[in-house]
Amino acid sequence: MVKNILIAIGLPLLAFGIGISFMGFKRKIGARIQRRYGPPFHQPLLDIIKLLSKKSDISHGIIYDLGPMIALGASILTIFFIPIPGLKLLTGSADVIALLYIMVIGSLGMGLGAGESANPNSSIGIARALTLMFGYDLPFVIVIISVLLKYHTTNLYAITQAQAGGHWAMWVLPLSAIVGFIVIYGAMGEHPFDVVTAPHEVATGPMAEYGGKHLGLLFIDHAFHVYIELALFVDLFMGGASNIGWFYVKMFVLFLIIVFFDEVLPRFRIDDAVRFYWRWPTIIALTSLIIVLIGG
Amino acid sequence: MNMSLMVLLLTPFTGGILSYLGGKIHRSVRYTFAILFSSLTLVELFFYYNKPVNHFVLGKMFGSVMILQINPISWLFAFIVTTISLLAIIFSVNDMEGRGGLDFYYFELMVVEGAMLGITLAGDLLTFFLFWEIMSWTSYLLIIQGGNKSIKAGYKYIIMSIIGANSMLIAIAMIYGKIHTLVFRNVAMLLAASPHGFDIAIFVLFAIGFFVEAAVMPLHTWVSDAYSEAPSSVSSVLSGVLEKIGAYGLFVLLYALFGVSLLGKLMPLRFPSPTIMYTIGWFAGISIVVSTFLAILQEDAKKLLAYSSISQIGYVVLGISIGTSLGVAGGLFHALNHAIFKSLLFFTIGAVIYRTGTRNLSELGGLIKKMPVTFTGTLFGIIALAGVPPLNGFVSKWMIYEALLQKKEVFLLILALIGSTGSFLYVYRLIHSTFLGQLPEKFKDVKEVPFLMQIPIWLLSLGTIVFGIWPGLAMNVIARGEKFFGITPIKYNLYGFPGGNGMGSLKMINISSVFIAGLIVAYIIFALGAKTHRISQYDNYAAGQVVTKDTKYNYSYGFYMFFGRVVNPVFKWSADKIYLAWARSANVFGDYMRRIYTGNLETYSSYIVVIISLVGFLILLGGKIW
């Protein structure tokens with residue numbers, strides 16, 4: 001019981017800490033790639049504190065307020081279904097397929113909130129976000145199905161366990177892992193898939209009207225989001241980890257690759273992003289699925 | 001003799017007649033009778049909750065006994081019929097107010113309820129077919145209540161419906177010609193003993209009839225017109241119930257008449273399920289994806305919902321066609337869930353149309369501040385429709401996914417999953433364009449709908465939550481039904497599924513309670529911050545431009561235009577266009593016929609003279625032409 005309470009409090013803090021540290025790394029590494037010194041490592045944390053302690057804030061209505069709350073609430077919900085080293089968490093209550101849909105609750109809440117802000121920039125941003133999601137979901141579900149078929153289980157913890165001892169899904173299903181990486185990459189909205197926020201086109205899209213504590217909540221949610229995407233990939237393809245340290249290292253390596261790509265690529269047009277996902281990643285994912293189907 | 005099932009069946013018909021006659025006295029009498037008798041039907045139905053009746057002789061016709069029966073599956077569908085019809089009647093009271101011919105409208109509404117109830121209770125094909133015909137005709141009469149355009153839409157519906165019914169009639173005649181009885185059990189025995197060609201012909205003929213009614217592609221083309229042009233409460237009945245009757249028909253066909261083992265003998269197995277069922281699965285899968293794409297690109301709220309109905313019924317048919325216990329349970333559960341959330345959405349959109357008079361999405365916007373109850377209902381409806389936890393649509397869709405994965409039907413699984421992701425796009429479009437964004441000046445004085453119209457919205461919203469968090473409630477009925485048809489039910493409990501046998505586990509109560517905990521944490525962070533102040537919708541970021549009442553500052557028209565650019569090349573042709581081309585060639589043919597049958601007496605008499613002289617000439621030749 002005490003252990004459960006500790007997990008319930010500790011896990012969100014852990015996820016937030018990991019997420020926020022990666023956000024800090026991103027600022028720093030990005031700056032170094034552009035030959036700047038960059039802000040301090042803990043700048044994202046300072047941003048959140050600043051935003052939450054703003055003296056004034058606007059609201060466009062109840063759903064506008066609820067949007068960020070639903071997004072954050074859903075992110076906290078999601079992390080309990082992604083196992084971390086040594087802990088099953090709630091994976092017994094929802095398997096990978098259910099997780100796919102638990103992960104979108106937040107986006108839906110965010111979309112509703114941004115919609116009520118009555119700003120066309122936000123609406124366009126959400127329309128793009130959903131379209132992009134539709135784009136990367138096709139290869140993603142194929143990848144997920146390949147993994148589920150390979151390991152004969154839909155339980156994420158069991159999948160992680162089956163990869164113990166270096167038999168990572170990455171080596172067993174390399175094609176699926178590549179596509180999985182491209183999908184995670186797009187889901188995080190990095191270049192060239194940053195069509196959703198695209199500051200020069202839609203003024204940061206869904207966030208256009210948000211400020212103050214609302215935006216603070218969204219920043220916190222973003223930290224969770226970074227953790228969720230990376231942890232899911234590590235659990236699915238990199239065999240989880242034996243302890244938190246290794247878990248962090250694996251996520252960090254993954255994140256480093258993502259940042260390196262992100263800093264040097266331009267931006268897709270939204271329909272080109274969808275076309276991209278429905279072409280090569282889908283073909284590669286299908287190839288991998290057929291290999292699994294034939295090879296067992 | 002036990003008259004009870006007869007009483008149940010006659011209640012809505014009686015109510016229809018009484019409300020028709022009562023309407024001649026005063027309109028309140030009409031409403032009282034309609035609501036009273038449809039609630040009475042629901043109450044009577046609950047007496048059969050745990051009490052199946054196998055054999056209730058209704059009468060005899062053409063030497064075949066007509067039988068009523070009730071098993072848990074027909075109970076489930078009868079429950080859908082009576083609940084949604086009752087709510088539609090309540091909703092119509094205000095919605096249809098001020099229109100002409102209301103007495104007749106309520107009569108039809110109750111007769112269609114009775115007919116659908118009759119279909120679910122039928123124990124033989126003759127009863128089934130009789131009520132099927134009553135249902136087709138009365139629903140046609142209901143569709144054309146929606147104004148000028150609806151007449152054309154209704155015309156399309158009735159033509160396709162007659163084609164479906166006639167193909168069923170041929171099949172029934174073929175069976176009758178062999179055994180002179182149409183009781184389900186005897187028909188099943190006949191089919192088991194018949195040659196394969198005969199069985200397949202029967203199957204295909206029946207399937208055409210059910211596909212039309214359930215709106216499975218490619219026989220769906222009547223749906224988008226009929227649903228959007230019919231009055232809102234009729235649309236809910238059409239989408240919530242009539243489609244389900246098609247699915248029920250398919251279920252009866254697959255499991256009561258044929259049975260999986262017989263279907264397996266007819267054709268070889270694919271992914272351990274009979275080819276014939278696998279084919280139906282593919283029809284359903286294609287329905288799911290194609291109509292999702294179409295729904296995304298609609299500009300008309302009710303058309304969007306109509307296409308989404310085709311897509312959702314695809315899940316029901318897909319689930320039923322999988323043939324495993326889990327798949328069948330998922331399909332049946334989704335039938336119930338779809339009835340709940342799709343009727344809810346048709347009611348809320350009906351409420352919006354009632355207040356604003358338009359269903360064009362790009363004209364609406366910002367109604368959340370004016371119609372909060374309707375907004376809440378729509379919100380629950382779309383979350384359930386999109387299959388997002390913790391509401392009901394998720395549970396049944398999840399069961400269907402798991403069933404597909406269990407059988408390794410991966411390509412159908414991809415279609416099902418993609419259809420669900422696509423539905424996020426159109427449900428967001430629906431709620432955004434009506435309730436979010438900027439409120440047009442002309443809708444400044446719009447009010448919430450009257451209380452009577454809110455009742456269905458409240459109740460159905462509650463339904464999405466109840467069946468979402470406690471799926472065991474519905475599984476109780478479904479599991480008993482599966483047992484009745486000789487399928488071993490899967491393990492379940494009140495909160496979800498313990499899993500096992502290749503199926504994952506699900507516990508809805510955990511998902512919802514952790515979500516609520518997460519929301520509370522977020523709310524605490526939110527509440528600790530500074531107080532917010534409300535600002536007007538014109539106080540908005542516009543890159544320095546000042547937004548006023550005269551500038552339209554809203555993104556609504558062509559919401560997914562960029563997505564259209566990706567998929568439009570594929571949608572240049574459609575099944576509807578092919579049918580319309582046939583209709584045109586029939587017209588041309590009719591034109592030529594009209595030149596012969598001019599309707600002119602002199603022309604006809606000259607034909608007679610010509611033919612008589614020709615015949616006489618032939619006789620003169622000795623009856624030989626060559």
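The values are calculated or read from the model by the stated rules, or taken from the named source; none is laboratory data. Source: prediction; values computed, not measured. Positions of Cβ are backbone-derived with ideal geometry, glycine not excepted, and every protein chain shown enters the neighbour counts.
Points worth noting:
- Residue list for region A:195-217, filter: surrounded by fewer than 23 Cβ atoms within 10 Å (Cβ to Cβ) and modelled with pLDDT of 85 or more: A:L215
- Taken together, the residues in region A:207-241 that are within 12 Å of chain B (Cβ to nearest Cβ) and more than 18 Å from B:V521 (Cβ to Cβ) amount to 6.
- Filtered residues of region A:50-75 (kept if more than 7 Å from every other protein chain (Cβ to nearest Cβ), of a type in the set (S, T, N, Q) and either touching a residue at least 40 places away in the same chain (Cβ under 8 Å) or crowded, with 23+ Cβ neighbours inside 10 Å (or both)): A:S75
- Answer from A:S53, A:S75, A:S59 - the residue that is of a type in the set (S, T, Y) and touching a strand residue (DSSP E or B) at 6+ places or on another chain (Cβ under 6 Å): A:S59
- Annotation: B:S512 fulfils all but one of (1) in contact with a Pro (Cβ under 6 Å, 6 or more places away or on another chain); (2) of a type in the set (G, A, S); (3) surrounded by 19 or more Cβ atoms within 10 Å (Cβ to Cβ); the unmet one is (3).
- Residue list for region A:76-100, filter: in a loop (DSSP other than H, G, I, E, B), more than 7 Å from chain B (Cβ to nearest Cβ) and surrounded by fewer than 20 Cβ atoms within 10 Å (Cβ to Cβ): A:P85, A:G86, A:K88, A:L89
- For region B:126-145, a tally of residues being modelled with pLDDT under 80 and under 18 Å from the mean Cα position of the chain (by Cα) returns 0.
- Selection status of A:A15, within 10 Å of another protein chain (Cβ to nearest Cβ), of a type in the set (G, A, S), surrounded by 14 or more Cβ atoms within 10 Å (Cβ to Cβ) and closer than 17 Å to A:L217 by Cα: no
- Matching residues, region B:482-498, being of a type outside the set (F, W, Y) and more than 8 Å from chain A (Cβ to nearest Cβ): B:E482, B:K483, B:G486, B:I487, B:T488, B:P489, B:I490, B:K491, B:N493, B:L494, B:P498
- In region B:146-164, residue nearest to B:F210 (Cα to Cα) [restricted to those that are more than 16 Å from the chain's Cα centre (by Cα) and of a type in the set (S, T, Y)]: B:Y155
- Screening B:L219 with (1) buried (at least 24 other Cβ atoms within 10 Å of the Cβ); (2) assigned to a helix (DSSP H, G or I); (3) not β-branched (V, I, T) gives one miss only, at (2).
- The criterion of being aliphatic (A, V, I, L, M) and more than 14 Å from chain B (Cβ to nearest Cβ) does not hold for A:I5.
- Selection status of A:V104, more than 7 Å from chain B (Cβ to nearest Cβ), surrounded by 21 or more Cβ atoms within 10 Å (Cβ to Cβ) and in contact with a helix residue (DSSP H, G or I) (Cβ under 9 Å, 6 or more places away or on another chain): no
- From B:N568, B:N587, residue being more than 7 Å from every other protein chain (Cβ to nearest Cβ), closer than 30 Å to B:M160 by Cα and surrounded by 11 or more Cβ atoms within 10 Å (Cβ to Cβ): B:N568
- Test: residue in region A:263-279 that is away from every other protein chain (no Cβ under 14 Å), closer than 30 Å to B:V567 by Cβ and not in a loop (DSSP other than H, G, I, E, B): no
- Number of the exception - B:Y597 against (1) within 14 Å of chain A (Cβ to nearest Cβ); (2) over 30 Å from B:A295 (Cβ atoms); (3) not hydrophobic (A, V, I, L, M, F, W, C): (1)
- Within the span defined as region B:502-509, one or more residues are in the same structural domain as B:L326 (by TED's automatic domain parsing), farther than 29 Å from B:T374 by Cα and surrounded by fewer than 18 Cβ atoms within 10 Å (Cβ to Cβ).
- Filtering region B:459-488 to residues that are of a type in the set (A, V, I, L, M), under 29 Å from B:I89 (Cα atoms) and either in contact with a Leu (Cβ under 7 Å, 6 or more places away or on another chain) or touching a residue at least 40 places away in the same chain (Cβ under 8 Å) (or both) leaves B:L459, B:L460, B:I465, B:V466, B:I469, B:A474, B:M475, B:V477, B:I478.
- Here B:L379, B:L452 are screened, and the one residue that is within 8 Å of another protein chain (Cβ to nearest Cβ) and surrounded by fewer than 24 Cβ atoms within 10 Å (Cβ to Cβ) is B:L379.
- Set B:T434, B:T488, B:T421: member being surrounded by fewer than 24 Cβ atoms within 10 Å (Cβ to Cβ) and more than 17 Å from B:G327 (Cβ to Cβ): B:T421
- Some residue of region A:228-237 being out of contact with any strand residue (DSSP E or B) (no Cβ under 9 Å at 6 or more places or on another chain) and at pLDDT below 85: no
- Some residue of region B:322-329 being at pLDDT 90 or above and either under 11 Å from the mean Cα position of the chain (by Cα) or surrounded by fewer than 24 Cβ atoms within 10 Å (Cβ to Cβ) (or both): no
- Scanning region B:499-555 for residues that are part of a helix (DSSP H, G or I), more than 7 Å from chain A (Cβ to nearest Cβ) and touching a residue at least 60 places away in the same chain (Cβ under 8 Å) yields B:M508, B:S512.
- With respect to the stated conditions, A:G115 fails to be more than 7 Å from chain B (Cβ to nearest Cβ) and in a helix (DSSP H, G or I).
Per-residue answers, yes or no, for (1) in contact (Cβ under 8 Å) with a residue 60 or more places away in the chain; (2) closer than 17 Å to B:Y20 by Cα; (3) outside the structural domain of B:P456 (by TED's automatic domain parsing):
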residue: B:Y31; (1), (2), (3): yes, yes, yes
residue: B:I35; (1), (2), (3): no, yes, yes
residue: B:L42; (1), (2), (3): no, no, yes
residue: B:F47; (1), (2), (3): no, no, yes
residue: B:P52; (1), (2), (3): yes, no, yes
residue: B:K60; (1), (2), (3): no, no, yes
residue: B:S85; (1), (2), (3): yes, yes, yes
residue: B:F91; (1), (2), (3): yes, no, yes
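- Within region A:285-296, the set of residues being crowded, with 19+ Cβ neighbours inside 10 Å and either aliphatic (A, V, I, L, M) or not in a helix (DSSP H, G or I) (or both) comprises A:A285, A:L286, A:L289, A:V292.
- Taken together, B:L391, B:L367, B:L345 contain a single residue that is crowded, with 24+ Cβ neighbours inside 10 Å, more than 14 Å from chain A (Cβ to nearest Cβ) and over 30 Å from A:S288 (Cβ atoms), which is B:L345.
- Only a single criterion out of (1) within 28 Å of B:T83 (Cα to Cα); (2) within 11 Å of chain A (Cβ to nearest Cβ); (3) β-branched (V, I, T) is not satisfied by B:I414, namely (1).
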